[in-house]
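Okay, so here's the structure we're looking at.
Readers should treat all values here as calculations from the given coordinates under stated rules, not as data from a laboratory. These numbers come from a predicted model, not from an experiment. Here the Cβ positions follow ideal geometry from the backbone for every residue, glycine too, while neighbour counts run over all protein chains shown.
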């Protein structure tokens, strides 16, 4: 049995640089061993900065690395499906940034292929790890605060310039507020309430930041299968 799981990073992204690479390496049984980026300069710089043994620009070369057991995908959203399927076929476990895909059908296909390949597929909904959310989930499950009837989420954020780019100007990459922000809110409610969605009604708007018909604001109501109504 290997002493450590070898992790490969697909995408030299901001989240990989600021949060994930150090978090992975901090685990006693894990080590980042390879980084892939479409930019050779970014791949080389990332590897040098974070003391990663190998770097490359080609997905096939990356997935052929026997030292990689798990891949972490943090590329733009439209690439998640293709890269996840390739990793599964190569026998690598996958931790993919949210959203898994641009459509429900694609997300289900990713899940099915990973299951058939016998590899784990996880979505990096990191807000599940917040102590406040985990405590709230526990209190609700224990009945300590009664039975929830309604919930409200207010999530407003100004994206700093270095995080804007494709998130506000590239529809083909899966930009926009829903796939960037609202998915966090929905998943957090699912986690806290331990319930799933039955229906949703929402309206999206473009109010100054986004371009090319992408929405940068959304409001709506969700109904969960335990009867809870939630505003967002």
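Round to the nearest 10 and give me the degree value, 0 to 90, for the angle of helix 131-142's Cα axis relative to the longest principal axis of the chain.
Value to nearest ten degrees: 50.
Between residue 29 and residue 60, how high is the FRET efficiency from 1/(1 + (r/R0)^6) when r is the Cβ-Cβ distance and R₀ = 30 Å? Nearest 0.05. Don't skip to the answer; put the middle values down first.
Working: r = 27 Å, r/R0 = 0.91.
With a Förster radius of 30 Å, E is 0.65.
What FRET efficiency comes out for the pair residue 172/residue 18, r = Cβ-Cβ distance, R0 = 25 Å, nearest 0.05?
Details: r = 25 Å, r/R0 = 1.01.
Approximately 0.50, to the nearest 0.05.
If you average the sequence gap of Cα pairs under 8 Å that are 6 or more apart and divide by the length of the chain, what percent do you get for the contact order? Don't jump to the answer; show the numbers that get you there.
Details: 402 pairs, mean separation 32.1, N = 232.
Relative contact order, the chain: 14 percent.
Grab the DSSP H runs of the chain that are 4 residues or longer, score each as -39,500 (n - 2.57), total them, divide by all residues and round the 222 nm result to the nearest 500 deg cm²/dmol. The partial results should precede the final answer.
Details: 8 runs with 71 residues, N = 232.
Here the helix-only value at 222 nm equals -8500 deg cm²/dmol.
Along each of the three principal axes of the Cα atoms of segment 5-124, give the extent in whole Å, ordering the values from largest to smallest.
Taking max minus min along each principal axis of the Cα atoms, segment 5-124 gives 38, 26, 24 Å.
Most exposed first by the Cβ proxy, i.e. fewest other Cβ within 10 Å, how do 22, 29 rank?
Details: 22 12, 29 8.
In order of increasing Cβ crowding within 10 Å: 29, 22.
Between the alpha-carbon centers of segment 39-59 and segment 155-221, tell me the distance in whole angstrom.
31
By how many degrees, 0 to 90 and rounded to 10, does the Cα axis of helix 104-117 deviate from the longest principal axis of the chain?
Tilt relative to the chain: about 50 degrees.
Taking 0.36 nm per residue of separation and subtracting the Cα-Cα distance, what length does fully extending residue 129 through residue 49 add?
Numbers: separation 80, 0.36 × 80 = 28.80 nm, distance 2.71 nm.
That works out to 26.1 nm of additional length.
How do 203, 222 line up, fewest other C-beta atoms within 10 Å first?
Working: 203 9, 222 21.
Fewest-to-most Cβ neighbours within 10 Å comes out as 203, 222.
Could you work out how far helix 80-89 tilts from the main Cα principal axis of the chain, as a 0 to 90 degree angle to the nearest 10?
50
Quick one: what Rg and Dmax do you get for the chain from the alpha carbons, in Å?
Considering the chain through its Cα atoms, Rg and Dmax are 19.0, 55 Å.
In what sequence do 116, 92 fall when counting other Cβ within 10 Å, fewest first?
Lowest to highest Cβ neighbour count: 116, 92.
Give me log10 I(q)/I(0) at q = 0.09, 0.12, 0.14 Å⁻¹ for segment 94-232, Debye formula, one equal scatterer per alpha-carbon, no solvent.
-0.32, -0.57, -0.78
Between residue 82 and residue 116, what is the label-point separation in nm under the 7 Å Cα-to-beta-carbon projection?
2.0
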